[in-house]
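Chemist: One structure follows; several queries about it will come next.
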Amino acid sequence: MKAIAITRAAQGGSNIEFLQEIETQKPQAQGHDLLVQVNAISVNPVDTKVRAGFNADAPRILGWDAVGVVAEVGEKVTLFKPGDTVWYAGALTRPGSNSEFQRVDERIAALKPTTLDNASAAALPLTAITAWEMLFDRLGVQEGGNEGDVLLIVGAAGGVGSIMTQLARKLTKMTVIGTASRPESQQWVSDRGAHHVIDHSKPFTDELARIGIKHVTHVASLNSTEQHYQQLIDVLIPQGKLALIDDPETLDARPLKAKSISLHWEFMFTRSMFATDDMIAQHHLLSRVAHLIDSGVIQTTLGENLGAITAENLRKAHERLETGRAVGKIVLEGF
């Protein structure tokens, strides 16, 4: 089968040019696995991080978002049958979705929303799982609850922020504040349902004062946590909650002590990486998100469709994502 893989480590710069098409053996479904014929994918920051850190002898197939049709099922599969169209974010420990066929555990997949085309659906799985787990599992927000609380989403125009803004606005009673620094990204965040949009290139206390808010109760820091760390502590109330998904070089937790601020990490691959007892929670989560989409409650976060799944287009996607200026998700469709 055809696949696009990273084939060489960086040599004094980026290794984007070493995203290349390869031929590899088509996998077979066993156990709880589905063999999926991939129709559409999207590109996430994890793709660029794994690519940049690649230093192995064998090529590695990247990609952690996919929509496709089940071609085969393993002998333990009970949730799906051949012909089902599914969506998922896969597992970090397995070959990725930048290939014509991919194996994925049924417990982290779900039926695709029926009202979205393949490209629009492919924009969502990884970011929807991340946003949902961060909001409801890590920060402990309650569906239909948290009236009076204020959620600050740092980097709200990106993939995770775009879906978290919708989830928080539609499924909770929180006041939702998103950060974005450019007019087009600020409009995107507003269109996703944020009550307020502030500029993260300016002091947070000043920006919050501008909209009449002194403190926030919850923070979802989706990028530049290290840069904003002290500001986030300053704007959080005593006993507030701070969650993050990015990778600061260092993170000193001691400044959180005076306010008894709790710190939460979200990594959506944890369940699949450790085969946790509640691994099937991601199947249920994606099924719920599909229902919310088909009911018109939330919408796709697709920002740009770059066309077919080719090495050239994947290189373009990685380059655009690494600018840090992408709004919404970058999607590719069809081999």
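Chemist: Among (1) surrounded by 15 or more Cβ atoms within 10 Å (Cβ to Cβ); (2) farther than 30 Å from Pro82 by Cβ, there is one condition Ser42 misses while meeting the rest; what is its number?
Modeler: Going through (1) surrounded by 15 or more Cβ atoms within 10 Å (Cβ to Cβ); (2) farther than 30 Å from Pro82 by Cβ one by one, Ser42 breaks only (2).
Condition check ((1) in a loop (DSSP other than H, G, I, E, B); (2) out of contact with any Ser or Thr (no Cβ under 8 Å at 6 or more places or on another chain); (3) of a type in the set (Phe, Trp, Tyr); (4) in contact (Cβ under 8 Å) with a residue 40 or more places away in the chain) across all residues:
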| site | (1), (2), (3), (4) |
| --- | --- |
| Gln239 | no, no, no, no |
| Glu249 | yes, yes, no, no |
| Ala258 | yes, yes, no, no |
| Thr276 | yes, no, no, no |
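Chemist: While we're looking at this one, here's another question. Can you tell me which condition Asp277 does not meet? The list is (1) open to solvent by less than 40 Å² (accessible area, probe 1.4 Å); (2) more than 30 Å from Glu23 (Cα to Cα); (3) more than 16 Å from the chain's Cα centre (by Cα), and all the others hold.
Modeler: (1)
Let's see how each residue does on (1) modelled with pLDDT under 95; (2) touching a helix residue (DSSP H, G or I) at 6+ places or on another chain (Cβ under 9 Å); (3) open to solvent by 10 Å² or more (accessible area, probe 1.4 Å):
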position: Ile108; (1), (2), (3): no, yes, no
position: Pro125; (1), (2), (3): no, yes, no
position: Ile129; (1), (2), (3): no, yes, no
position: Trp132; (1), (2), (3): no, yes, yes
position: Gly140; (1), (2), (3): no, no, yes
position: Glu143; (1), (2), (3): no, yes, yes
position: Glu147; (1), (2), (3): no, no, yes
position: Gly159; (1), (2), (3): yes, yes, yes
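Matching residues to (1) open to solvent by 50 Å² or more (accessible area, probe 1.4 Å); (2) polar (S, T, N, Q); (3) at negative phi; (4) modelled with pLDDT of 95 or more:
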{"position": "Tyr229", "(1), (2), (3), (4)": "no, no, yes, yes"}
{"position": "Leu236", "(1), (2), (3), (4)": "no, no, yes, yes"}
{"position": "Gly240", "(1), (2), (3), (4)": "no, no, yes, yes"}
{"position": "Pro255", "(1), (2), (3), (4)": "yes, no, yes, yes"}
{"position": "Ser272", "(1), (2), (3), (4)": "no, yes, yes, yes"}
{"position": "Val289", "(1), (2), (3), (4)": "no, no, yes, yes"}
{"position": "Thr323", "(1), (2), (3), (4)": "yes, yes, yes, no"}
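Chemist: Would you be able to say whether some residue in region 170-181 is farther than 30 Å from Ala58 by Cα, assigned to a helix (DSSP H, G or I), open to solvent by less than 10 Å² (accessible area, probe 1.4 Å) and small (Gly, Ala, Ser)?
Modeler: Narrowing region 170-181 to residues farther than 30 Å from Ala58 by Cα: 170-181.
Among the residues that remain, those that are also assigned to a helix (DSSP H, G or I) are: 170-171.
Next, from what is left, pick out any that are open to solvent by less than 10 Å² (accessible area, probe 1.4 Å): none.
No, there is no match, as no residue in region 170-181 is farther than 30 Å from Ala58 by Cα, assigned to a helix (DSSP H, G or I), open to solvent by less than 10 Å² (accessible area, probe 1.4 Å) and small (Gly, Ala, Ser).
Chemist: So, Glu17, is that one assigned to a loop (DSSP other than H, G, I, E, B) and of a type in the set (Asp, Glu) or not?
Modeler: Answer is no for this residue.
Chemist: May I pose another question? Does region 102-158 hold any residues that are under 15 Å from Asp65 (Cα atoms), of a type in the set (A, V, I, L, M) and either part of a helix (DSSP H, G or I) or free of Cβ contacts under 8 Å to residues at least 60 places away in the same chain (or both), and which are they?
Modeler: Result: Ile108, Ala119, Ala121, Ala122, Leu126, Ala128, Ile129, Ala131.
Chemist: Out of Thr310, Thr301, report the one residue that is in contact with a Gly (Cβ under 6 Å, 6 or more places away or on another chain), under 30 Å from Phe18 (Cβ atoms), surrounded by 14 or more Cβ atoms within 10 Å (Cβ to Cβ) and polar (S, T, N, Q).
Modeler: Criteria check complete, one pass: Thr301.
The values are calculated or read from the model by the stated rules, or taken from the named source; none is laboratory data. Note that the structure is a prediction, hence the values are computed from the model and not measured. All Cβ positions, glycine included, derive from the backbone under ideal geometry; neighbour counts span all protein chains shown. When the accessible area is computed, the model is the full protein with side chains, heavy atoms only, and any ligands, DNA or RNA have been set aside. Shrake-Rupley method; radii C 1.70, N 1.55, O 1.52, S 1.80 Å.
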